Amino acid sequence: MSAAAGSSGGGGEAASLWSYLLCVRHTLHAALCLQEFPCQDVERYSKPEVEFRTSPELLLNPVVICRNESERCLIEGSINSVRVSIKVKHADEMENLLGAKYLSFLSMRAESFLVLRRKPLPGYDLSFLITAEHCQSLHKHRLVDFVVRFLQDMHRDMGELKEAINASGRVVAADFFKQFL
């Protein structure tokens with residue numbers, strides 16, 4: 001992430017987002033030290049241990065990164081996979097509606113993202129599942145960049161959508177009140 005990404009925008013909000021994304025970046029970089037690890041129960045079969053949780057010795061401690069009370073990122077690691085779950089800020093009813101529509105749009109297109117899970121963990125809005133195979137074929141640093149850029153773009157898109165709705169609401173209200181003047 002460039003320094004310019006964190007310095008644009010509204011002061012404390014931008015600094016908060018930049019430090020949150022930087023922390024997610026460093027934690028993901030550390031968690032994505034994955035290796036192929038075959039299933040211990042079934043021969044010639046590999047499954048993401050972070051999903052199935054059959055061997056507790058293969059799991060890492062989960063890490064929760066909070067930007068504020070309502071916005072957080074859970075990173076759960078294992079020997080062969082990492083699950084990244086994201087809770088998006090829902091400060092008001094408009095953000096609840098926008099977030100639900102935006103995230104349902106993304107989940108319907110989960111196959112296009114390769115690492116996006118169709119169904120998030122309970123209590124989270126969005127989840128990614130990254131396996132050792134993904135790290136080998138898509139490159140670790142690119143996966144980290146993708147997740148961080150995804151978070152950054154999602155935050156920006158939600159802000160822009162909210163501003164567009166507020167602007168159109170102001171135009172409608174102005175037209176409505178013109179009839180009384």
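For region 112-158, rounded, prolate or oblate, judged on the Cα gyration tensor with a ≥ b ≥ c (square roots of eigenvalues), a/c < 1.5 rounded, else prolate if a/b > b/c?
Verdict is oblate for region 112-158.
Report, in degrees rounded to the nearest 10, the 0 to 90 angle that the Cα long axis of helix 140-178 makes with the longest principal axis of the chain.
20
In units of 2.2 N^0.38 Å, what is the alpha-carbon radius of gyration of region 17-58?
Working it through for region 17-58, the quotient is 1.59.
Between residue 117 and residues 5 or more places away or on another chain, which pairs have amide H atoms under 5 Å apart, with H built 1.01 Å from N, and which residues are they?
Long-range HN contacts for residue 117: 127, 128, 129.
Where does the chain land at 222 nm, in deg cm²/dmol rounded to the nearest 500, when only DSSP H runs of n ≥ 4 count, each adding -39500 (n - 2.57), divided by all residues?
That calculation yields -17000 deg cm²/dmol at 222 nm.
Using only Cα atoms and rounding to the nearest 10 degrees, what angle (0 to 90) does helix 12-31 make with the longest principal axis of the chain?
The two axes meet at around 10 degrees.
Quick check for the chain: number of Lys pairs with alpha-carbon distance under 26 Å, counting only pairs 8 or more apart or on different chains?
So the count of such lysine pairs works out to 15.
Once label points are set 7 Å from the Cα along Cα→Cβ at both residue 57 and residue 22, what is their separation, rounded to one decimal in nm?
Taking the simple label geometry, residue 57 and residue 22 are separated by 3.9 nm.
Can you compute the FRET efficiency between residue 109 and residue 156 using 1/(1 + (r/R0)^6), with r the Cβ-Cβ distance and R0 = 22 Å? Round to the nearest 0.05.
Calculated value: 0.75.
What accessible area per residue comes out for the chain, rounded to a whole number of Å², with a 1.4 Å probe?
Per residue, the chain has an accessible area of 59 Å².
Roll a 1.4 angstrom probe over the protein heavy atoms and tell me the percent of accessible area of region 55-181 that is carbon or sulfur.
59
Could you size up the charge dipole of region 1-160 around its Cα centre, putting +1 on the beta carbon of Lys and Arg and -1 on that of Asp and Glu, and report it in debye to the nearest 20? Don't skip to the answer; put the middle values down first.
On the way: 18 positive and 20 negative charges, 38 e Å.
Using only the charged Cβ atoms, the result is roughly 180 debye.
The values are calculated or read from the model by the stated rules, or taken from the named source; none is laboratory data. These numbers were taken from a predicted model, which means no experiment stands behind them. Note: ideal-geometry Cβ built from the backbone for every residue, glycine included; neighbour counts use all protein chains shown. To get the accessible areas, we keep the full protein, side chains included, count just its heavy atoms, and leave off ligands, DNA and RNA. Shrake-Rupley method; radii C 1.70, N 1.55, O 1.52, S 1.80 Å.
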